[in-house]
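Undergrad: What follows is a structure written as C-alpha cells; I'll ask about it next.
The values are calculated or read from the model by the stated rules, or taken from the named source; none is laboratory data. Because the structure is a prediction, the values reported are computed rather than measured. Methodologically, a virtual Cβ is constructed for each residue, glycine included, from the backbone with ideal geometry; neighbour enumeration extends over all protein chains shown. Surface accessibility is based on the protein's heavy atoms, side chains included, excluding ligands, DNA and RNA. Shrake-Rupley method; radii C 1.70, N 1.55, O 1.52, S 1.80 Å.
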Amino acid sequence: MTTEQTHLVERLRSLLTDEPEVREVSMFGGRSIMVSGKMIASARKDGGLLVRVDADQHDELLRSPGATQGVMGPGRDMGPGWIEVAAETVSDDETLSSWVSVAMAYNRTVTGR
C-alpha cells in the first residue's frame, strides 16, 4: 500500500471502531472496507476514496465537492451508487466522516443492521 492509502485506511478504521463486523480486503485497485459483509468504501492508492452509496442519492451526491462517477478503468463507469471522492477532499476529517456516514446509511439498508 502507498503511504496515502495506508493513512486513509487508518482514518477509516478509526471511524468504524463501534461497528462489530469490519474487515478489509484488496479489491477495486484499493484497500476496501467491508461492514457486515458489504463494502462501504475503498481507499485508493492516491489517498482518494471510492464509496458505495444509495443509487437514489447518486446524482445529488455527485454535486458534492471532489465527487466524480466511480470508474473501473478508462471508459468503464461503475454505475449509480459508486462515487469517487478526491484525496484532497477527504483529507479533511469532517468530510471523510460525512462520506462514511452516507456509506453506512446505505450499508444498513442493504444489510438490515
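Undergrad: Quick check on this structure: which one of VAL85, VAL51, VAL90 is among the β-branched types (Val, Ile, Thr) and under 16 Å from VAL35 (Cα atoms)?
TA: Checking each option against the conditions leaves just VAL51.
Undergrad: Now a separate question. Out of THR95, THR68, THR89, I need the residue that is in contact with a Pro (Cβ under 7 Å, 6 or more places away or on another chain) and either on the phi > 0 side of the Ramachandran plot or at pLDDT 95 or above (or both). Which one?
TA: Of the residues listed, the single one that is in contact with a Pro (Cβ under 7 Å, 6 or more places away or on another chain) and either on the phi > 0 side of the Ramachandran plot or at pLDDT 95 or above (or both) is THR89.
Undergrad: Is there a residue being within 16 Å of GLY47 (Cβ to Cβ), touching a residue at least 40 places away in the same chain (Cβ under 8 Å) and open to solvent by 20 Å² or more (accessible area, probe 1.4 Å) anywhere in segment 100-109?
TA: No, there is no match, as no residue in segment 100-109 is within 16 Å of GLY47 (Cβ to Cβ), touching a residue at least 40 places away in the same chain (Cβ under 8 Å) and open to solvent by 20 Å² or more (accessible area, probe 1.4 Å).
Undergrad: So which pairs qualify, if the first residue must be in segment 29-54 and open to solvent by 20 Å² or more (accessible area, probe 1.4 Å), the second must be modelled with pLDDT of 95 or more and aromatic (Phe, Trp, Tyr), the Cβ gap must be under 9 Å, and the two must be at least 6 apart or on different chains?
TA: Short answer, once both residue conditions are applied: LYS38/TYR106; ARG52/TRP82; ARG52/TYR106; ASP54/TYR106.
Undergrad: I'd like the full set of residues that are under 15 Å from VAL53 (Cβ atoms), open to solvent by 70 Å² or more (accessible area, probe 1.4 Å) and touching a residue at least 12 places away in the same chain (Cβ under 8 Å), limited to segment 71-92.
TA: Passing the criteria: only PRO80.
Undergrad: OK, next. Residues in segment 35-45 that are more than 10 Å from the chain's Cα centre (by Cα) and over 16 Å from GLU10 (Cβ atoms): how many? Spell out how you get there, then give the answer.
TA: Of all residues in segment 35-45, those more than 10 Å from the chain's Cα centre (by Cα) come to 35-38, 45.
Going one step further and asking which of them are over 16 Å from GLU10 (Cβ atoms), we end up with 35-38.
Adding up the residues that qualify gives 4.
Undergrad: Could you list, in sequence order, the residues of segment 21-71 that are of a type outside the set (A, V, I, L, M) and in contact with a helix residue (DSSP H, G or I) (Cβ under 6 Å, 6 or more places away or on another chain)?
TA: ARG31, SER36, LYS38, LYS45, ASP46, GLY47, GLY48, ARG52, ASP54, PRO65, GLY66, listed by residue number.
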